[in-house]
1. Filter the helices (runs of 4 or more DSSP H) completely within the range 88-194 down to those with at least 3 residues that are modelled with pLDDT under 85 and under 32 Å from the mean Cα position of the chain (by Cα).
2. Considering only residues that are crowded, with 23+ Cβ neighbours inside 10 Å and of a type in the set (Val, Ile, Thr), which ones fall in the range 258-282?
3. Tell me the residue from GLU281, GLU224, GLU239, GLU277 that is without any contact (Cβ under 8 Å) to a residue 24 or more places away in the chain and either assigned by TED's automatic domain parsing to the domain that holds LEU172 or within 16 Å of ligand 1 (Cβ to nearest atom) (or both), please.
4. For the range 449-481, give me each residue that is assigned to a helix (DSSP H, G or I) and within 14 Å of ligand 2 (Cβ to nearest atom).
5. Identify, please: which residue in the range 482-499 is under 21 Å from PRO392 (Cβ atoms) and more than 16 Å from ligand 2 (Cβ to nearest atom) and is, among those, farthest from the chain's Cα centre (by Cα)?
6. Please verify whether LEU483 is touching a residue at least 12 places away in the same chain (Cβ under 8 Å), within 16 Å of ligand 1 (Cβ to nearest atom) and either open to solvent by 10 Å² or more (accessible area, probe 1.4 Å) or within 24 Å of LYS341 (Cβ to Cβ) (or both), treating the condition exactly as stated.
7. Can you tell me which residues in the range 8-23 are assigned to a strand (DSSP E or B), out of contact with any helix residue (DSSP H, G or I) (no Cβ under 6 Å at 6 or more places or on another chain) and not charged (D, E, K, R)?
8. Taking GLY428 and the conditions (1) within 14 Å of ligand 2 (Cβ to nearest atom); (2) on the phi > 0 side of the Ramachandran plot, which numbered condition does it fall short on, given that it satisfies the others?
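The values are calculated or read from the model by the stated rules, or taken from the named source; none is laboratory data. Because the structure is predicted, anything quoted here is derived from the model rather than measured. Reconstructed Cβ throughout: ideal geometry from the backbone, glycine too, with neighbour counts over all protein chains shown. These area figures cover heavy atoms from the full protein model, side chains too; ligands, DNA and RNA do not enter into them. Shrake-Rupley method; radii C 1.70, N 1.55, O 1.52, S 1.80 Å.
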Amino acid sequence: MFTVFGTPIGGGIVTGRACVVESRLIDVPRYRLAAGAAEAELERLKQAVEIVTAELQDVAAHLTAGAPSEARALLDVHIMILNDPALIDAACDMVRLGLVNAEWAIAEKAEELAAQFREIDDPYLRERGRDVEQVTTRLLKALAGSRLEVFRREPGEALIFVAHDITPADMLQLKGALGFLIELGGSNSHTAILARSLNIASVVGATSASKLIRDDDMLILDGETGVVIVNPDEFVLNEYRERQQLAQLESLKLGRLINVPSTTLDGQSILLMANIEQPEEAVEALRLGAAGIGLFRSEFLFLNKSRLPDEDEQYRAYADAVTAMQGRPVTIRTIDIGADKTLAGQELTQTGASALGQRAIRYSLAEPDVFLTQLRALLRAAAHGPLRILLPMLSHSKEIDAALILIERAREQLRQQGKPFGETVPVGGMIEVPAAALSAGWFVQRLDFLSIGTNDLVQYTLAIDRSDPRIAHLYDEFHPAVLRLIAGTIRAACKAGKPVSVCGEMAGDAAACALLLGMGLTEFSMHPASLLRVKREVLRSEVSRLVPRVRRLLAIDDPVRMRASLDRLAEGREPLATRRWEYAKDAKDAKDASQRDEQAVP
Ligand code: PEP
Ligand code: MG
């Protein structure tokens, strides 16, 4: 029995078997096959060889006329290695006779072959050992992908997936998982957000997990504390069973709040809405009493697709969400592609994938046909109920002007095609870049509403990559600079008489509820699983007392003092530090934590 630590993402406590889906390539998964499983494993290996051959042929076919002749020769060598009986046939024999998995066999035989090359005196031939390693890397990658495929196609027993990383796109296909334990990612990475919205118990930033854990290990994964116990004994299992029962009891109690109006002690009505990634999630949001959808991350419809969904497909998805919400507003954000969310086939060039690159509205404006298709689908879906369009990652008022022109053009196109559409569709903007927060008063004149994306606002204000576990301890949504930007945005919208909400993870953090209410916020949007916890906080709050306290608090410059004052504001409520790294932990603490992971061997 040993313990691994990471950043908790929520989803409660689960107990189940580990499935290490995507080991890092240096760490080749090795396991024995059941008798009779060899044929399927050989087929998997054959397919991996086919995939890699096709990849190499594709690269060769796309070599430009000016490419050096060595490039073509090198690709030929790689294809030859792939067909070398000393590698593939020998690996197949090992799978068949030794009943071991394909990765194990390939790694073993590749090492033997590379060792033979290393013995050769001729420097050119000696280098070919490196080619064997490169081909092997490709093969192992293809095998890792196919392992994931097997689980996607045949989700048998609910498993806890352990991985170095899982992209949001992959996670969407593993919805039946019992839990996720991931080495990369911070608590606000998109993978973490998706896990939260799927309500699957998850821990991220667990630095050594896939090195320490093996397939079929029994795990207790506590998504609330970030603790994962590997191969627990009976005593620990019983302890966690009790905790699970307590959590179920708590959720039963919260369930009684579903139909209670969300009103503060002094009678302020607070709108609690849901964030969703797929239209079908609207049903659960409605069941839990959501007043609407405050954020539909439409890009999740685009991930995993070999081609972009056409207008009709998108229209149906948006109309489904609108219809499911039975007259409540549905806010659909135009695609926010980039950073850790990429389209299938989209080049992972440095700028293309970067959080500072061609992301969100920048991508849409650079691809007007893709944008117009989405806008037409949105306007058509608006004929079914109150739909609002939300523009992500605005940083310049020209982006608003350009988007509004394209929305008008989409309307005109639908008019010409004689297709019905919603005539009045409010258009709002996300405030998630400091420049936008500081310009909120100016932006809001052109927009119908604002929505504050605290996840990115923190990332861009503090210059902290929200997906990087090495600096997760520095990610602080309660930093005075961030809080001032949020408060200023709320003030600007209220002054202009326009609605404003917070739709970042902060809105779903019950510990932040009093603070946001004290800033004058009346609209929150969060993943559905948080709705009732936040409602409980609203019911206990008195806005008239919170407002002056929060005003005083916003004058604090020192982040450590801010944290102490927030603790006092939250007295008797959910403690601030329950679901995140405690503030003021410095890099040394983070390093200690990862050293603990390293030492956590049995
Ligand atoms: C945010 O940045 O707070 C937000 C809601 O958008 P996303 O998390 O999808 O970037
Ligand atoms: Mg964002």
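1. Numbers: elements: 88-98, 102-119, 123-153, 168-173.
So the answer is 123-153, 168-173.
2. Within the range 258-282, ILE270, ILE276 meet the criteria.
3. Values: GLU281 fails: without any contact (Cβ under 8 Å) to a residue 24 or more places away in the chain; GLU224 fails: without any contact (Cβ under 8 Å) to a residue 24 or more places away in the chain; GLU277 fails: without any contact (Cβ under 8 Å) to a residue 24 or more places away in the chain.
Only one candidate passes the filter, namely GLU239.
4. We begin by selecting, within the range 449-481, every residue assigned to a helix (DSSP H, G or I); these are 454-462, 469-474, 480-481.
Within the range 449-481, THR454, ASN455, ASP456, LEU457, VAL458, GLN459, TYR460, THR461 meet the criteria.
5. Kept after step one, since they are under 21 Å from PRO392 (Cβ atoms), are these residues of the range 482-499: 482, 485-486, 488-490, 492-493, 496, 498-499.
Next, from what is left, pick out any that are more than 16 Å from ligand 2 (Cβ to nearest atom): 488, 490, 492-493, 496, 498-499.
Values: GLY488: 28, ILE490: 26, ALA492: 30, ALA493: 29, ALA496: 34, LYS498: 30, PRO499: 27 Å.
Across the range 482-499, the extreme among qualifying residues is ALA496.
6. Working: touching a residue at least 12 places away in the same chain (Cβ under 8 Å): yes; within 16 Å of ligand 1 (Cβ to nearest atom): yes; either open to solvent by 10 Å² or more (accessible area, probe 1.4 Å) or within 24 Å of LYS341 (Cβ to Cβ) (or both): no.
In short, no.
7. In the first step, residues of the range 8-23 are kept if they are assigned to a strand (DSSP E or B); the result is 8-10, 13-22.
With out of contact with any helix residue (DSSP H, G or I) (no Cβ under 6 Å at 6 or more places or on another chain) added as a condition, the list becomes 8, 14-19.
Listed by number, the residues that qualify are PRO8, VAL14, THR15, GLY16, ALA18, CYS19.
8. Of the numbered conditions (1) within 14 Å of ligand 2 (Cβ to nearest atom); (2) on the phi > 0 side of the Ramachandran plot, the odd one out for GLY428 is (2).
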